[in-house]
Amino acid sequence: MEGFKIDTWKIIQEGLNKNNKVSESIFSIGNGHMGVRGNFEEFYSGESLQGSYLGGIYYPDKTKVGWWKNGYPEYFAKVLNAVNWIGIDLYINNDKLDLHKVKVSQLNRVLNMQTGIYSKELTIENDSGQKLELRSERFCSLANKELGCIKYSIKSVNFVGTIKVKPYLDFDIKNADSNYDEKFWQLTDQGFNENYFHNSAKTKKTNFLVDAGCVVETSFEGQNIETTPIEKKGLIGYEYQFTLTKNQSF
């Protein structure tokens, strides 16, 4: 397959695959209780199928096939797309980063089948030739079946400017295969506590309740970080704003 390399334990991709949905499937991770597709943490406006799943949660989606089709059930039990917990939006000098449109000079994705860790390294470049290196690692824990972790870093190669980083939880989601474009979740609560933010929702009809919480720790070479809560219906998180100079990392 285009861009993939052979390795004993690792699935390795160099460069962007023209069919990004295939790459997202290949780089999926899970622990038997929850799983997530290999979506980018950053915003990506190209071909993508966002997916985060929890075992045992389903919804009886009404089929579009009518009574005249013998043997078709009235409902299909859909495995639902659950809260998006990997999202991290970036703003570079107040412009939202879109990995589909920005110049990506280098991209490597690796799924280590021995450790269960998915990692990504890429270098982006703006029209002025300024470069940033973005790196991420994530896994679904086997020790704690409800725990997912992400390590994310931004390093300036020669960039000087303002950066905003927005990690979030998003429950305003839908299934791409819903028969009537129906959303299956109803938001029940969201808010901020001392050191974390959370939101929760329940499924329509089946009343499965899911509560998601996120703790964020930051490190930035002793520099000041302006922190602002962000919240809208279904989405909650923090915005971290700072000035990045050459060779600095957040």
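The values are calculated or read from the model by the stated rules, or taken from the named source; none is laboratory data. The structure presented is a predicted model; accordingly, all values stated were derived computationally and were not measured. Positions of Cβ are generated from backbone atoms using ideal geometry, with glycine treated the same way; all protein chains shown enter the neighbour counts. To get the accessible areas, we keep the full protein, side chains included, count just its heavy atoms, and leave off ligands, DNA and RNA. Shrake-Rupley method; radii C 1.70, N 1.55, O 1.52, S 1.80 Å.
Descriptive notes on the structure:
- Verdict on residue 90 being in contact (Cβ under 8 Å) with a residue 40 or more places away in the chain, of a type in the set (A, V, I, L, M), under 23 Å from residue 171 (Cβ atoms) and assigned to a strand (DSSP E or B): yes
- Residue 162 satisfies every condition listed in (1) open to solvent by less than 60 Å² (accessible area, probe 1.4 Å); (2) of a type outside the set (A, V, I, L, M); (3) within 23 Å of residue 58 (Cβ to Cβ) except (3).
- Selection from segment 196-213 of residues that are more than 16 Å from residue 88 (Cα to Cα) and open to solvent by 70 Å² or more (accessible area, probe 1.4 Å): 202, 205, 207, 209, 211
- Any hit, segment 190-200, residues being acidic (Asp, Glu) and in a loop (DSSP other than H, G, I, E, B): yes
- Residue satisfying all of: in segment 240-250; outside any strand (DSSP E or B) and polar (S, T, N, Q); most open to solvent (accessible area, probe 1.4 Å) among these: 247
- Hey, residue 80 under 22 Å from residue 244 (Cα atoms) and not β-branched (Val, Ile, Thr) or not: no
- Matching residues in segment 77-121 - criterion: being basic (Lys, Arg) and open to solvent by less than 30 Å² (accessible area, probe 1.4 Å): 78, 109, 120
- Within segment 214-239, being under 11 Å from residue 170 (Cα atoms), open to solvent by 50 Å² or more (accessible area, probe 1.4 Å) and assigned to a strand (DSSP E or B) holds for 231, 232.
- Contacts under 7 angstrom Cβ, first residue in segment 167-193 being closer than 26 Å to residue 136 by Cα and open to solvent by 70 Å² or more (accessible area, probe 1.4 Å), partner among the aromatic types (Phe, Trp, Tyr) and at pLDDT below 95, 6 or more apart: none
- Total residues in segment 17-42, condition open to solvent by less than 80 Å² (accessible area, probe 1.4 Å) and either without any contact (Cβ under 8 Å) to a residue 60 or more places away in the chain or among the aliphatic types (A, V, I, L, M) (or both): 14
Results for (1) under 18 Å from the mean Cα position of the chain (by Cα); (2) in contact (Cβ under 8 Å) with a residue 12 or more places away in the chain, shown as yes or no for each residue.
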site	(1), (2)
210	yes, yes
217	yes, no
226	no, yes
230	yes, yes
238	yes, yes
